[in-house]
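Note sheet for the following structure.
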Amino acid sequence: MGNIVILGSILLPILGGVLLFGMNLQSDRARNWFCECVACVTTFFVWAAILTGPYEAVTVYSFARSFTVSFHVDGMSMMFAGMVSLMWPLVLLYAFEYMEHARHKNGFFGFFLMTYGVTLGIAFSASMTTLYVFFEMLTLVTIPLVSHYQDHESMYAGRIYAAYTIGGAAVALIAVVMTTMQGSSLFSFGGVDYRNVSAGLMQWIYLLGFFGFGVKAAVFPLYRWLPLASVAPTPVTALLHAVAVVNSGVFAIVRLTYYTYSPDALRGTWVQAVCLLTAAFTLTYEAVLGVRERHFKKRLAYSTVSNLSYMLFGILLMSPVGMTAGVAHMLFHGITKISLFMCAGAFMHSTGNSYIYEINGAGKRMPVTFALFTLNGFSLMGIPLFCGFVSKWNLFTAGASDGTWVGLTGMVCLAVGAFFCAIYTMSISIRAFFPFGGTDRYRTSTASDPGALMLAPILVFTAADLLFGLFPGPVMTFIGNIASGLI
Amino acid sequence: MLILILVFAPFLFAALSYAAGKKKESLRDHLVLFFTMAELFAAVVLFVTVIRNGAAAGPGIGRVFTAGISFTTDGFRAVYALVTALMWAFTTWFSMEYFREERRGLNHYYAFVLMTLGATEGVMLSGDLMTTFLFFEILSLTSFTWVIHEETPGAVRAAYTYLFVAVIGGLVLFMGLVLLQSSLGTLSFGELKSALEASGEGQRGRILAAGVCILLGFGAKAGMFPVHIWLPKAHPVAPSPGSALLSGVLTKVGIYGILMTTLQVFAGDETFGWIVLILGTVTMFLGALLALFSVNLKRTLACSSMSQIGFILVGTGMMVLLTCAGDMEGAAETLGGAMLHMVNHSMLKLCLFCAAGVVVMNLHELELNKIRGFGRNKLLFKAAFFLGLVGISGVPLFNGYASKTLLHEGIVMGAEHLAGCAGILHAIEWIFLISGGCTFAYMLKLFICLFVEKNEDPEKQKRYDGMTACMNAGSSIVVFGTSLLFPVLGQKPVFGWLAGFMTGEREVLHHFRPLSWECISGGLISLGIGAFLYLVLIRRVLMKDGRYVNLWPEKLDLEDLLYRPLLTRWLPGAGGAVARFLDGFFTRPFFTRDLFSCLKGLARFLEGLFTLPLFTKWIPLCFAVIGRALETSVDAFVVLMRRTMVREKTAAGKKSAGAGQKLLRTTEEALSPVVGNFSFALMLSCIGIVVILGVLVLFIL
C-alpha cells in the first residue's frame, strides 16, 4: 500500500507530463481535462498516503553502503505534500484560463505536471541523497517554465536561475555526501550528534548545506534569481516561486537541521548565529527592496524572499516552538502568497499592465480581484482574523522566548520587516481603490474581473486563509506534534 | 449571548445594509438607522443587567486563535458599551440629514460604519488583550475609510497618515503583547494580576518594555503625544458624524487599552506611572495650545480632543503614582475622575462635532472668518453650543467640572504623598490649570465667533440670518438633546453613582465635595486664566484687523518635520544606500563579474593550457594513429586471408596488372562488402570501448 501510493504519486505526474509531450494534443479542452485528471488522481494518491500514513522508509536503490534512494511518509512529508497537493489542481484551473492565448502549451503543461511529481518526490524522500536527486530534478524541470515566453528577459532569467540553483545544489552536495558518510543515512527526528565525530568540520559542513539549499530559499546574497524569475507566466510564479520551489528550499533546510543534524548540538554555536543573522538581515533588507520595487510581481517576489527568511528564522531558532512557527509560516504564507500572485496575474491578464503606478484606480474596474488582494494583503501584514497573524504571532513569541541576543535581534528585524511589509502591500490596495485626484487610469477602460476559472482558486485560497486564521488549532497542534518529533 | 449579539450583529447588519443599498438608497438609510437603534436597545439591556447582577465574565468563543476569544462585563465596560451604541445611534441619525446632498460612496461608508461599531463593542467588552487586539486592528482598518471618504487631496494625505500611524501602532502593540505573553504567560484580564505576582524580579525590565510598547500602540489611537500626528489632520477632513465618532469613541478605544493594562499590570510600577504622566501632560498642553491657535472649527475641536485625552492620561498616571504611594482611596478617586472624564468627553464631542456638522452642511465651510456670525439668531443651536462650552470648560455644576476637579485633586494628593517630587507635581498642577484655562479660551473663541460677532461681509450675514431652519427635527434632538445631558452629569448624585458603578467601588466619591471652596477655587483659577488668555492672547495677538489669523508656524509640525522625512526620505535613503552599496559593490559584481570572470579566467587558463589542445590535437592524433594502424593491420589481415583462402581470384588478377596496383585493387574489392557495412563500424567502436575500459580497469582499480 505504502509503496504504491508513494511511488504512484511521484511517478504519475512525471509520466503524465512525458505523455503530454508525446501526444502533442492540439485541442485545449482535451489537454485541460488530461492535466486536471492527472493532477487530481495524484492528489488522491497523496492524500491516501497521508491518511493511511505514516510509513517507514522504503529503499528503492542503494549504493556504496549508506547512499540510498528511499521514500517515506512522516509528519513533515505529510505537511509539505498535503499543502502542495491541494494547490496544484487549483492552480492548474487558473493556468487554463491564464495561458489561453499562450504558445507551446503542451510543453508548458507537460513541465508543469512533471514539477508536481518532482516536488512530491522531495516531500516523500527519506534520505539526503534522495532529496538531493529530486532537488536537482526540480531545477531542471522548472528552467523551461521560467523561460517559457522565450523573449530576451525570460531567457536571461532562466539562465540566472539555472546558474544560481545548480551552483547552490553543487555546494549542498558536499553537505549531503559528508553527512551521509558520517552516519546519517535515513532521516530521523533529532538527527545525528556530530559532536562525537568532528564538531568543527561538521559545523562548516552545515554552513555549506544551509547556503547550498538556501539558494532555493533565497537567503541573502543568493536571492537575485527569484525577483528575476517573476517574468515567468503567473501560474509558475504563484505556485513555484511562492510555494513549491522556494518551500522545497526551506523544507530541505528543515530536513538538514532537524532530521540530519541534531538541533540540540547546533543550538548556541557560531554557525547558528551566522545563519540566524543572515535570515534576520534578509527579511528586513528584502522588505525594504520590496518597497523600492515598482514592478507588481517583482514586489511580491521580494516579499516572498523576505517571508522565506521569516520561516528560516523560526526554523533556525532550533527549538520546538521555533520550528512550529517556521513550518506554520511555510503553510500560511504559501496560501496567502499564492492568492496574492494570482490576483496580480489577474490584473496583468485583464489590463496588460504590470507596474505599480499603473494600478491607480484599477480596483473600481476589478473590485473582486482587488478586494481579495486586500484581504490577503491583511494576512501578509499579520492582521488578526487571517492566518498570517497566527504564524507571525508564533514567530514573535518564539523569538521572544528564545532568550538569546540573536533571538531578540531577530525579533526587532521581524518588526521592522513587518512594517515595510505593511507599506508595500497597503500602498497597492490604496492605489487600486482610492486613486489620488486625477490619476485614475481606468476611468474609461473596459478591464474587468477575470473569469470564474481564475477567480475560483483565489476565492478558495482566501477562504482557507480566513479559516486557518480563525481556527488554527488543529493545524497548529499537528505542526506542534511534528516539531516535538511525535510524527 | 447579549454580548455576542452586540459585537457580531453589526457585521451582519453591514452586509445587509450594503445589499439593501445596492437596491434602494432610502431603504438602506432606514435600515442603518434601525440597526443602530436596535444596537442601542441591546446596549441598554446589557447596562441594566450589569446594574442588577454586577460584573460577570461573558461568553467566550473557544478555538478561535487556539486560545479562544473571550468577553467580560463590568460597570466600566457596560457604560462604555452603552456610550458607544448611543454615539453610533445619534451620529447615524444625524447622518441622515448631513448626507442629504453629498451621496457618493455612502453604501461603503455605512457598511464600514456598522463594522466599526461591532469592532468597537468588541474592544469595549473584551475579556483578554488578544481579543482587544483583534477588534482594535479591525476598527483601525475599517475607520480608515471614513477619513478618506471625501477623497480630496487633503483627505487622502490625512488618511495615509492615519493608516500608517494605525499600522505602526498596531505593530508596536503587537510587540508589546508578545513580550507580555512571553513573560507572564497569559493575556486574560482576569489572570494578569496573579501572573504578575507569580513572576520573578528578573522579568521587571521586560514587562516594563512591554508596557511602553502597549502604551505607544494604544496611545497611537488615543492621540497621545508623540503619536498624535494623525488626529488634528484626520478629524477635520472626515465627515462630521465620522469626526464625532473618531473623537468621541475611537480615541477612547486607545484609552480603554491603556487603562485596562495599567490597572491589571502596571498599577504598582512607578516608572510606568511617570511615563504616562509626563506624556499625558505634554499631550494635554500641546493639544490646548494647538487648539488656541487654530482658525478652523473642526481642527480646534480635534486639538481639543487631544488635550482632553491628555487630561485622562494625567489622571491615569496619577492613579499609578498614588497606588505606589499607598493611597488607595486617592487612587480610586483619581481613577473615577479619569473614567468620568472619558464619558463626559465622549458626550461633549458628540454634541460639538454634530454642531460643527450643522455648520458644514449649511455653509460647506469651516474657516472661522467665513462662518463667523452663522448662529446669531438660532436659539436652539446656540443653547446647545453654550452647554457644550460650559461643560467642557469646567464651569461648576456642569459635567466637565466634576471630572476635571477630581483629576486636579489627584495631582494635589500626589504632591502631598510624593514629597520628593513635589516640585514636578506642582509644575504639572499649574500646566493642568493653564490647559484648563486654554480650554475655556478656545471654546469662548469659537462661541463668540459663531454666535456673537457679525460676519465682516454684511451680505453673508444677511444670508446666514435667513437660514433659520439650519437643522431638521432629528438633528436638533441629537445636538440639543445631548447637550441637556451636561448639567445632569454635573450633579453629585449622578456622577457619584456613575463613578462608583464604573470603578466597582460604590463609595468611591464619598469624600468628594465638589462645591467646597478648595474645589471651586481650582475651577475659578482655571476659568480666570481662560478669560485672561481670551482677552489678551486671542483678542490682541491672534486677531489682526478684526480677522482671526493663524500664527502657528506652518513648518512646526511633527509629522512634516520628523515622521514623514524619517519614513519617506531618511530611512529609505539609508536603506537605499546600504542596498546600493551591497548591490553595487558586493552582490551583483560578485555574481555577474567577479565570480564569473574568475571562473571564466580559470576555464580559459585550463582550456589554453590543457583542455583545448588535448581535445583538438592530441586525442584526435592518437585516434588517427591508432585508427590508421588498425586499418592497415585489418587490411593486411583481410588480404592475407583472401590470398590464402581464395586462390583463384588472386591468380586471375595477377595476369592483368602490376603488383602494387593489384594489391590495392584486391584490398578494395575484398573490403567493399565489409567496410560498406555499418555494423562493421559499430563492431570496431565496441572493440575500442572494450579496450579502453579494459585499460581503465587494469590501471585504475
On a 27 Å Cα-Cα criterion, which of the cross-link pairs B:Lys298/B:Lys462; A:Lys364/B:Lys24; A:Lys364/B:Lys349 come out too long? A:Lys364/B:Lys349
Size descriptor, Kirkwood hydrodynamic radius, that averages inverse alpha-carbon separations across the stretch B:307-396, Å: 15.3
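Equivalent ellipsoid semi-axes for chain B, as square roots of 5 times the alpha carbon gyration tensor eigenvalues: give them largest first, rounded to whole Å.
Values: eigenvalues 1448, 189, 145 Å².
Result for chain B: semi-axes of 85, 31, 27 Å.
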Using the alpha-carbon atoms, what tilt in degrees (0 to 90, nearest 10) does helix A:245-254 show relative to the longest principal axis of chain A? 30
Could the peptides B:358-370, A:17-29 be put in order, highest first, of the mean number of other beta-carbon atoms found within 10 Å of their residues? B:358-370, A:17-29
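Gain in length, B:Ser633 to B:Met467, computed as 0.36 nm per residue apart minus the alpha-carbon separation, to one decimal in nm?
Details: separation 166, 0.36 × 166 = 59.76 nm, distance 12.41 nm.
Full extension of this stretch gives 47.4 nm more.
What's the average, rounded to a whole number, of partner chain beta-carbon atoms within 10 Å of each residue's beta-carbon in B:423-434?
Mean number of neighbouring Cβ atoms from other chains: 0.
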Under 28 Å from the Cα of B:Lys193 - lysines, other chains or at least 8 residues apart: A:Lys392, B:Lys221, B:Lys252
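For chain A, what does the helix formula give at 222 nm: sum of -39500 (n - 2.57) over DSSP H segments with n ≥ 4, over the residue count, nearest 500 deg cm²/dmol?
Details: 20 runs with 354 residues, N = 487.
Roughly -24500 deg cm²/dmol at 222 nm, from the helical runs in chain A.
Between B:Leu599 and A:Arg195, what FRET efficiency comes out of the Förster formula 1/(1 + (r/R0)^6) with R0 = 45 Å and r the beta carbon distance, rounded to 0.05? Walk me through the numbers before you get to the answer.
Working: r = 36 Å, r/R0 = 0.79.
My answer for the efficiency is 0.80.
Stokes-Einstein D for the stretch B:348-413 at 10 °C, 1.306 mPa s, Kirkwood Rh over Cα pairs, in µm²/s?
Details: Rh = 13.4 Å.
Rounded, D is 118 µm²/s.
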I want to make sure I understand the PRE zone here: with the label point 7 angstrom from the Cα of B:Lys555 toward its beta carbon, which residues in the stretch B:213-234 have backbone N atoms less than 12 Å away? none
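Just tell me how shielded A:412-425 is by partners: mean number of partner chain Cβ atoms within 10 Å of each residue's Cβ, no decimals. Spell out each step's value before the answer.
Numbers: counts 1, 0, 3, 7, 3, 0, 6, 8, 3, 2, 7, 6, 0, 0.
Counting other chains' Cβ atoms within 10 Å and averaging over A:412-425 gives 3.
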So what are the ³J(HN,Hα) numbers for the stretch B:11-18, from phi and the Karplus equation (6.51, -1.76, 1.60; θ = phi - 60°), rounded to whole Hz, Gly and Pro as x? 5, 5, 4, 4, 4, 4, 5, 4
Cα to Cα, under 14 Å, and not fewer than 8 places away if on the same chain: which aspartates and glutamates meet these conditions relative to B:Lys378? B:Glu453, B:Asp465
By average C-beta atoms within 10 angstrom, highest first, the peptides B:406-417, B:90-101, A:448-459, B:120-131: B:120-131, B:406-417, B:90-101, A:448-459
Counting Lys and Arg as +1 and Asp and Glu as -1, each charge on the Cβ, what is the dipole of chain B about the Cα centre in debye, to the nearest 20? 3100
Rounded to the nearest 500, what is the 222 nm mean residue ellipticity of chain B from helices alone, with -39500 (n - 2.57) per DSSP H run of 4+ residues and division by all residues? -24000 deg cm²/dmol
Full extension between B:Phe386 and B:Thr271 adds, at 0.36 nm per residue less the Cα distance, a length in nm of 37.3 nm
List every residue whose amide H lies under 5 Å from the amide H of B:Gly68, counting only residues 5 or more places away in sequence or on a different chain, with H placed 1.01 Å from N in the peptide plane. B:Arg63
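Roughly how crowded by other chains is peptide A:284-291, in terms of the mean Cβ count from those chains within 10 Å of each of its Cβ atoms? Display every interim value, and only then the final one.
On the way: counts 1, 4, 1, 1, 7, 4, 0, 4.
So the per-residue partner count for this stretch is 3.
Which net charge results for the neighbourhood of B:Gly205, defined as the other residues with beta-carbon distances under 15 angstrom from its beta-carbon, given Lys and Arg at +1 and Asp and Glu at -1?
On the way: positive: B:Arg204, B:Arg206; negative: B:Glu201, B:Asp269, B:Glu270.
Neighbour charge sum, excluding B:Gly205 itself: -1.
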For labels at B:Lys24 and B:Phe532 in the simple 7 Å Cα→Cβ model, what's the distance in nm? 6.3
So if we plug the beta-carbon distance of B:Ala427 and B:Ala55 into 1/(1 + (r/R0)^6) with R0 = 35 Å, what FRET efficiency do we get, rounded to 0.05? 0.40
Fully extended, how many nm does the chain gain between B:Glu453 and B:Lys492 (0.36 nm per residue separation, minus their Cα-Cα distance)? 10.5 nm
Can you divide the C-alpha Rg of chain A by 2.2 N^0.38 Å and report the result to two decimal places? 0.92
Between 0 and 90 degrees, rounded to the nearest ten: what's the tilt of helix B:25-53 against the longest Cα principal axis of chain B? 70
Let me see the P(r) profile for the stretch A:205-284: every Cα-Cα distance counted, bins of 10 Å, each bin given as a percent of all pairs. 18, 47, 26, 8, 1
What number comes out for the charge environment of B:Asp545, summing +1 per Lys or Arg and -1 per Asp or Glu over other residues with Cβ under 13 Å away? +3
Under the Karplus relation with 6.51, -1.76 and 1.60 and θ = phi - 60°, whole-Hz ³J(HN,Hα) for the stretch B:130-146, x at Gly and Pro, equal 5, 4, 4, 4, 4, 6, 4, 5, 4, 6, 4, 7, 6, 6, 3, 5, 5
Can you tell me the Rg and the Dmax, both Å, for the Cα atoms in the protein assembly as shown? 38.0, 156
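May I ask you to derive the FRET efficiency for B:Asn362 and B:Glu191 from their Cβ-Cβ distance with R0 = 56 Å, giving the value to the nearest 0.05?
Working: r = 53 Å, r/R0 = 0.95.
So, using R0 = 56 Å, E works out to roughly 0.60.
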For labels at B:Val44 and B:Val625 in the simple 7 Å Cα→Cβ model, what's the distance in nm? 11.3
How far is it, in nm, from the label point at B:Ser516 to the one at B:Glu201 when both lie 7 Å from their Cα along the line to the Cβ? 4.0
Mind checking which lysines have their Cα closer than 20 Å to the Cα of A:Lys216? Skip sequence neighbours fewer than 8 apart in that chain. A:Lys297, A:Lys298, A:Lys337
Sum up the charges of everything whose Cβ sits under 13 Å from the Cβ of B:Glu505, counting Lys and Arg as +1 and Asp and Glu as -1, but leave B:Glu505 out. -3
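Provide B:Lys298, B:Lys252, B:Lys349, B:Lys23 in ascending order of the number of other Cβ atoms located within 10 Å of each residue's Cβ, fewest first.
Details: B:Lys298 23, B:Lys252 27, B:Lys349 30, B:Lys23 8.
Arranged by neighbour count, lowest to highest, B:Lys298, B:Lys252, B:Lys349, B:Lys23 become B:Lys23, B:Lys298, B:Lys252, B:Lys349.
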Can you give the angle from 0 to 90° between the axis of helix B:399-417 and the longest principal axis of chain B, with both taken from C-alpha atoms, to the nearest 10? 80
Can you tell me, using C-alpha contacts under 8 Å and at least 6 residues apart, the relative contact order of chain B as a whole percent? 10
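Report, in debye and to the nearest 20, how large the dipole of chain A comes out about its Cα centre when Lys and Arg carry +1 and Asp and Glu carry -1 on their Cβ.
On the way: 23 positive and 18 negative charges, 146 e Å.
The calculation lands at about 700 debye.
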Ranked output for segments A:284-294, A:299-309, B:188-198 by mean other Cβ atoms within 10 Å, highest leading, reads A:299-309, A:284-294, B:188-198
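Just so you know, all these numbers are worked out from the coordinates, no wet-lab data involved. No experiment lies behind these values; they were computed from the predicted model shown. Don't worry about glycine lacking a Cβ; one is built from the backbone with ideal geometry, like all the others, and counts go over all protein chains shown.
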